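In what follows, a single structure is set out as structure tokens and then discussed.
The values are calculated or read from the model by the stated rules, or taken from the named source; none is laboratory data. As the structure is a computational prediction, the values presented were derived from the model and not from experiment. All Cβ positions, glycine included, derive from the backbone under ideal geometry; neighbour counts span all protein chains shown. These area figures cover heavy atoms from the full protein model, side chains too; ligands, DNA and RNA do not enter into them. Shrake-Rupley method; radii C 1.70, N 1.55, O 1.52, S 1.80 Å.
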Amino acid sequence: MKGWVLAIIQTGLLVFGAPFLTGWVKWIKCKLQSRQGPPPWQPYRDLVRLFGKEVVVAESASPIFRIAPYVVFSITALACSVVPMVAIGLPTAAIADVIVLVGFFALGRFFLALAGMDVGTAFGGMGSSREMTIASLAEPAMLMGVFTLAMTVHSTNLATMIGYLIAQPFQLYPSFVFAAMGLVLVAVAETGRIPVDNPATHLELTMVHEAMILEYSGRHLALMEWGAMLKLMIYSVLLVNLFCPWGVANDFTPLPLLLGLAVITGKLLLLGTALAVAETGLAKMRLFRVPQYLGLAFILCLLGMLSHVILEVN
Amino acid sequence: MSLTQLPLAEQAVLTLAALVLFTSFLLLAQNRIVSLIHTFAWQGGLLFVATCLMALTSGRHHLFISAFMTLALKVVFIPWQLRRLVVKLDIRREVETVGGPSLIMIGGGALVLFSYYVVLPIRELSFLATRNTIAVSLAVVLVGMLMIITRRKAVAQVIGFMSMENGLFFAAVSATYGMPMVVELGIAFDVLVAAILFGIFFFQLRSGIGSLDVDHLNRLHEVDR
């Protein structure tokens with residue numbers, strides 16, 4: 001019973017903490033570019049404002065257009081519930097493993113792409129086709145990276161993975177170096193951050209995510225934006241908890257839980273800062289170079305798997 | 001012996017081995033000549049750190065000499081020399097097209113697998129903890145060869161050749177804690193002389209065929225027509 005309550009609280013933390021992470025990245029980025037910058041809690045204000053606004057729907061829109069935001073948001077929120085953030089061993093973690101997580105993302109993306117094409121404007125279809133191009137290349141790389149981890153810990157369950165890594169004394173796995181680098185590249189591509197997609201612009205040459213949700217307004221837009229923030233949060237939590245799992249609570253007593261919360265907050269803020277620094281330093285690349293970029297991610301994950309077989313197993 | 005039973009320093013050597021292989025792949029994918037030279041210098045740097053770590057853990061101090069020779073030659077001198085040549089020949093901004101980049105990368109992956117299976121029986125002859133890295137060093141050699149095959153420009157081919165030598169050096173260090181000093185010194189001077197000769201060769205190529213693209217060599221004839 002306690003486990004379920006904790007699982008719900010943890011999911012709530014992920015869902016309601018996600019806008020702060022996005023705002024934090026934006027704030028640090030503005031500081032790095034010596035701009036004033038909105039405060040980190042600005043995304044909450046935006047979401048509240050959007051929820052209060054009237055919804056305008058195009059005449060040519062089908063019901064899919066209306067239900068897509070709810071589906072996308074709820075699937076992403078469901079994905080949040082299987083990611084171990086503060087504690088491991090929660091009942092929700094036992095239900096789904098990391099392959100299900102990838103499946104959730106695929107389902108969400110499917111509805112996002114459908115919604116983009118639904119109204120029939122040029123931008124929506126363009127965004128959808130771009131998103132699917134990127135996704136079809138990013139997904140194998142992500143799965144390969146995850147399998148690299150799974151080969152070491154002998155499980156695809158996220159909580160088991162993290163538990164195994166905490167229980168071991170500190171080890172330097174060559175394959176993890178590669179899987180981490182590959183998954184960072186995939187995460188950047190999947191969450192639409194700068195070298196692949198720019199979340200802050202509406203330039204038709206470059207936009208991918210923005211093009212798909214261009215027709216949305218009001219609470220639909222809020223849900224779509226929130227879903228994107230959740231995705232960034234999930235990927236960040238996955239990266240920091242899989243590759244430096246120290247501090248994640250192992251049992252359900254208050255002290256480890258509080259410690260786990262503090263540690264994960266610190267790790268996420270650090271990761272957000274690193275992301276902001278990378279985004280400030282890098283330029284957005286041409287869309288036609290994205291396959292090469294994701295090919296690099298795939299090769300990295302493949303090398304991780306090979307170095308696991310060659311160097312670690314004997 | 002699985003990885004978890006090794007001391008941390010040897011795990012670090014294995015990780016460095018994997019990173020050396022990774023820089024090999026980066027060399028394969030890189031299409032700007034200056035960043036190619038930099039990546040080559042990084043590979044040398046990783047070799048230097050790995051050799052130092054191995055010297056420390058095994059207590060064989062003659063490895064430090066090899067390590068510092070690597071540092072002096074492959075991290076500092078040869079990249080500096082190549083860079084100077086590239087600036088002199090004014091090909092700094094030149095971009096080389098690598099035909100079918102993803103295909104070549106997949107080929108590289110296949111070579112890694114191949115070298116792993118080739119090395120499986122040889123590995124049993126060594127008793128060192130780091131003997132698993134023989135496969136990695138063979139892969140570095142083969143990927144260097146793949147780079148020589150797939151590149152057109154002479155500078156990139158020379159870097160492929162040098163990275164092959166890196167692979168050989170790494171194999172020697174990881175499998176048997178280094179070759180005899182005489183052999184090692186000989187190879188180091190060979191590489192040094194090769195680097196200088198290649199420099200002269202570049203200028204000859206340029207004045208002969210007007211470019212560093214070795215495909216032009218196919219059209220050479222003994223007599224001018």
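Considering only Cα-Cα distances, which of the following residue pairs are longer than 25 Å: A:Lys53/A:Lys267; A:Lys29/A:Lys267; A:Lys284/B:Lys153; A:Lys231/A:Lys267? The pairs that break the limit, which is 25 Å between Cα atoms, are A:Lys53/A:Lys267; A:Lys284/B:Lys153. Across the accessible surface of chain B, with the other protein chains kept in place and a 1.4 Å probe, carbon and sulfur atoms take up 67 percent.
Simple point charges give the picture: +1 on the Cβ of Lys and Arg, -1 on the Cβ of Asp and Glu, and for chain A a dipole about the Cα centre of about 640 debye. Each of A:Val263, A:Gln168, A:Leu238 was placed along the dipole of the range A:158-307 (beta-carbon charges, centred on the mean Cα), and the one lying farthest toward the positive end is A:Gln168. Here is the interface size for A with B: some 2200 Å² of accessible area buried, both sides summed, with a 1.4 Å probe. Averaged over residues, the count of other Cβ atoms within 10 Å places the peptides A:32-38, A:225-231, B:76-82 in the sequence A:225-231, B:76-82, A:32-38, highest first. Here the extension length gained between B:Val183 and B:Met145 equals 11.4 nm, from 0.36 nm per residue of separation less the Cα-Cα distance.
Seen from a random direction on average, the alpha-carbon convex hull of the range B:8-194 projects onto 10.0 square nanometres. Note on A:Lys284 and B:Arg84: their simple-model spin labels are 4.4 nm apart, each label 7 Å out from Cα toward Cβ. Here the protein assembly as shown was treated as a single set of alpha-carbon atoms; its pair distances binned every 20 Å from 0 give 20, 46, 28, 5, 0 percent.
FRET efficiency for the A:Leu203 to A:Phe110 pair, using the beta carbon distance and R₀ = 25 Å, is estimated at 0.45. The mean number of Cβ atoms from other chains found within 10 Å of a Cβ in peptide A:169-179 is 5, as a whole number. Think of the protein assembly as shown as a dipole: +1 on every Lys or Arg Cβ, -1 on every Asp or Glu Cβ, centred on the Cα centre; then among A:Trp226, B:Gln11, B:Ile78, B:Ile78 lies furthest on the positive end. Working from Cα pairs under 8 Å separated by at least six residues, relative contact order for the range B:36-143 is 21 percent. Among B:113-126, A:293-306, B:173-186, the peptide with the highest mean count of other Cβ atoms within 10 Å heads the list, and the full ranking is A:293-306, B:173-186, B:113-126. In terms of the mean number of neighbouring beta-carbon atoms within 10 Å, the peptides A:52-60, A:183-191 order highest first as A:183-191, A:52-60. The mean number of Cβ atoms from other chains found within 10 Å of a Cβ in peptide B:135-144 is 1, as a whole number.
Taken about its Cα centre, the protein assembly as shown carries a charge dipole of about 960 debye when Lys and Arg each add +1 at the Cβ and Asp and Glu each add -1 at the Cβ. Would you please give the FRET efficiency between B:Leu103 and A:Ser34, computed as 1/(1 + (r/R0)^6) with r the Cβ-Cβ distance and R0 = 41 Å, to the nearest 0.05? Given R0 = 41 Å and the Cβ-Cβ separation, E is 0.35. Note on B:8-17: average number of Cβ atoms from other chains within 10 Å of each residue's Cβ is 4. Paramagnetic label reach from A:Phe243 (point 7 Å along Cα→Cβ; backbone nitrogen cut-off under 19 Å): within the range A:108-144, residues A:138-144. With a Förster radius of 51 Å applied to the C-beta separation of A:Val55 and A:Gln168, the computed FRET efficiency comes to 0.50. Per-residue ellipticity at 222 nm from helix content only, as computed over chain B with -39500 (n - 2.57) for each DSSP H run of at least four residues, stands at -24500 deg cm²/dmol.
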